[in-house]
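K.L.:
Below you'll find the structure I mean.
The values are calculated or read from the model by the stated rules, or taken from the named source; none is laboratory data. Note that the structure is a prediction, hence the values are computed from the model and not measured. In this analysis, Cβ positions are derived from the backbone assuming ideal geometry, glycine residues included, and neighbour counts consider all displayed protein chains. Accessible surface is based on the protein model in full, side chains and every heavy atom, while ligands, DNA and RNA are left aside. Shrake-Rupley method; radii C 1.70, N 1.55, O 1.52, S 1.80 Å.
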Amino acid sequence: MYGTIPLAASFSEGGMADDWLAAFMMSSILLNPQLIIYSAALGPTALTIRILSSFLCGVAAGLLVRRFFRKRHFFNFVGFSGPANRDTDPNHILRLLKNIGRNVKATGP
């Protein structure tokens, strides 16, 4: 579940439409592998309901975003871009030492 939002932000940056993102996000949260296992343990009826509801809720989310947010963006992923790469030293040994220093500085205290 925690990977869904950064993945959706990446898809959005790549140009994926908001209605498709809404469908993806809704379905992926409902299709959590742990929840699928729990549903399967409850029997085939519960598993079928889980899968069908995931599909239907994803479709509904996509259609609602398409209908009500056609002229503007629904998602705001500002701030989800990765930090600038600081590993620019051409010397591999110095780059390694700088990384070790940053890690010790961050985790040492």
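K.L.:
Nearest 10 degrees is fine. How inclined is helix 44-68 to the longest principal axis of the chain, computing both from alpha carbons?
P.N.:
Compared with the principal axis, the helix lies near 80 degrees.
K.L.:
Let me ask you something else. If I fit a long axis through the Cα atoms of helix 4-13 and take the longest principal axis of the Cα atoms of the chain, what angle between them do I get, 0 to 90°, rounded to 10?
P.N.:
Tilt relative to the chain: about 80 degrees.
K.L.:
Using 7 Å Cα-to-Cβ label points, what is the I36/V104 separation (nm, one decimal)?
P.N.:
Label-label distance for I36 and V104, simple model: 4.5 nm.
K.L.:
What shape does segment 47-109 take by its C-alpha gyration tensor, where a ≥ b ≥ c are the square roots of the eigenvalues and a/c under 1.5 counts as rounded, a/b above b/c as prolate, and the rest as oblate?
P.N.:
Numbers: a/c = 4.07, a/b = 2.42, b/c = 1.68.
It is prolate, given that a/c is not under 1.5 and a/b is the larger ratio.
K.L.:
What is the packing order of peptides 85-94, 25-34, taking the mean over residues of other C-beta atoms within 10 Å and listing the highest first?
P.N.:
Numbers: 85-94: 8.9, 25-34: 16.0.
Those peptides, ordered most packed to least, come out 25-34, 85-94.
K.L.:
Of all the accessible heavy-atom surface of the chain, with the other protein chains kept in place and a 1.4 Å probe, what percent is carbon and sulfur? List each step's numbers first, then the result.
P.N.:
Details: 5730 of 8530 Å².
Summing carbon and sulfur atoms, their accessible area is 67 percent of the total for the chain.
K.L.:
On a 0 to 90° scale, report how tilted helix 18-30 is relative to the longest principal axis of the chain, with both axes built from alpha carbons and the result rounded to the nearest 10.
P.N.:
With rounding to tens, the tilt is 80 degrees.
K.L.:
If a paramagnetic tag sat 7 Å from the Cα of L52 along the Cα-Cβ line, which residues of segment 5-37 would have the backbone N under 12 Å from that point?
P.N.:
Label zone hits: none.
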